[in-house]
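See structure below.
The values are calculated or read from the model by the stated rules, or taken from the named source; none is laboratory data. All values derive from a computational prediction rather than experimental measurement. Glycine gets a Cβ as well: all are built from the backbone with ideal geometry, and neighbour counts include every protein chain shown. Calculation scope for accessible area: heavy atoms of the full protein, side chains included, ligands and nucleic acids excluded. Shrake-Rupley method; radii C 1.70, N 1.55, O 1.52, S 1.80 Å.
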Amino acid sequence: RIRGKVPPLELVLSGGDGLVATRVILILDEKADLDLLEVVLAEGVSAHSHVIEVHLGQEAELRHGFLATADGQASLLAHLAVEQAPRSRYAFTSVVTGWSLGRVEPRVVQLEGQAETTLKGLAMTSAEQQLATHTAVRFDGPEGELDQLQKCLASGQSHTIFNGAINVPRVAQRTNAAQLSRNLLLSGQARVDTKPELEIVADDVRCAHGATVSQLQEDELFYLQSRGIGASDAAALLLRGACQEVIEQLPSPAQAWQPLNRVMESLDR
């Protein structure tokens with residue numbers, strides 16, 4: 001339970017072979033303020049199941065980072081359930097890479113509206129990995145806001161999935177929600193499935209969504225190579241830039257874990 005403004009909180013969840021399962025309940029009282037970083041580390045053949053339940057009181061603010069990396073053999077199920085009271089602010093940034101099989105499920109409910117939600121995600125796969133991100137945001141009151149960006153990078157014969165659901169019932173008038181899915185295919189055999197979903201019943205809203213699937217741009221690669229940068233270094237530079245947009249949104253304690261280096265290393269496997 002968090003009261004007032006407190007120093008950053010860091011949870012490190014790791015383990016070897018076998019099952020690693022945790023459940024965390026986090027309550028932020030009215031006007032509480034917290035930076036939370038969850039770090040999940042896996043080596044070898046293991047299964048991780050992590051659940052976190054969060055309730056934000058009125059005018060509370062939570063900046064929540066989730067950094068989950070593995071060596072290509074472990075599986076992951078991460079479930080997040082968040083309730084937001086009016087005038088609360090919740091920012092969730094996830095960086096997930098290296099899992100043989102993974103599923104990340106953020107669920108957010110704005111209980112009476114008038115809250116702000118920001119979701120930024122980066123999912124990366126290589127070899128024959130599969131990683132799915134299923135998000136759901138529901139507005140149960142007026143004047144709620146959502147800013148969502150999900151990035152997926154797939155190489156090798158891997159498969160990434162994004163399914164983002166936004167529910168705006170009649171009571172959620174004057175909702176302002178934006179969702180964008182941006183995906184990069186880094187090989188000819190990789191697959192990306194993306195499915196933004198908006199269910200809107202209210203008639204006074206501003207809601208938008210979009211999805212793109214592309215490869216590294218030839219003109220950008222040519223520009224860098226024309227400046228004397230080798231082909232592989234040019235591609236790596238563009239990939240770092242694509243990842244950095246999300247990684248820089250992680251809470252400040254994440255920098256000690258060198259998330260960008262971890263992400264680039266996973267692509268090289």
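Computed quantities for the displayed model
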read-out	value
Those residues of region 110-119 which are open to solvent by less than 30 Å² (accessible area, probe 1.4 Å) and over 13 Å from the mean Cα position of the chain (by Cα), in sequence order	Gln110, Gly113, Ala115
Given (1) in contact with a helix residue (DSSP H, G or I) (Cβ under 7 Å, 6 or more places away or on another chain); (2) under 18 Å from Met264 (Cα atoms), number of the condition Gly65 does not satisfy	(2)
Thr175 over 16 Å from the mean Cα position of the chain (by Cα), under 23 Å from Thr93 (Cα atoms) and among the β-branched types (Val, Ile, Thr)	yes
Odd one out for Ala127, checked against (1) part of a loop (DSSP other than H, G, I, E, B); (2) open to solvent by 30 Å² or more (accessible area, probe 1.4 Å); (3) of a type in the set (A, V, I, L, M, F, W, C); (4) under 24 Å from Gln179 (Cβ atoms)	(4)
Those residues of region 66-91 which are closer than 30 Å to Glu112 by Cβ and open to solvent by less than 30 Å² (accessible area, probe 1.4 Å), in sequence order	Phe66, Ala78, Leu80, Val82, Gln84, Ala85, Pro86, Ser88, Tyr90
Selection count, region 17-42, where residues are surrounded by 15 or more Cβ atoms within 10 Å (Cβ to Cβ) and under 17 Å from Gly72 (Cβ atoms)	4
Only listed residue being part of a loop (DSSP other than H, G, I, E, B), out of contact with any Gly (no Cβ under 8 Å at 6 or more places or on another chain) and among the hydrophobic types (A, V, I, L, M, F, W, C), chosen from Ala202, Ala165	Ala202
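Each row is one residue, and each column tells you yes or no for (1) at pLDDT 90 or above; (2) under 23 Å from Gly65 (Cβ atoms); (3) among the small types (Gly, Ala, Ser); (4) buried (at least 17 other Cβ atoms within 10 Å of the Cβ).
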| position | (1), (2), (3), (4) |
| --- | --- |
| Ile161 | yes, yes, no, yes |
| Pro169 | yes, no, no, no |
| Ala172 | yes, no, yes, yes |
| Arg191 | yes, no, no, no |
| Pro196 | no, no, no, yes |
| Arg206 | yes, no, no, no |
| Glu220 | no, no, no, no |
| Gly230 | no, no, yes, no |
| Trp257 | yes, yes, no, yes |
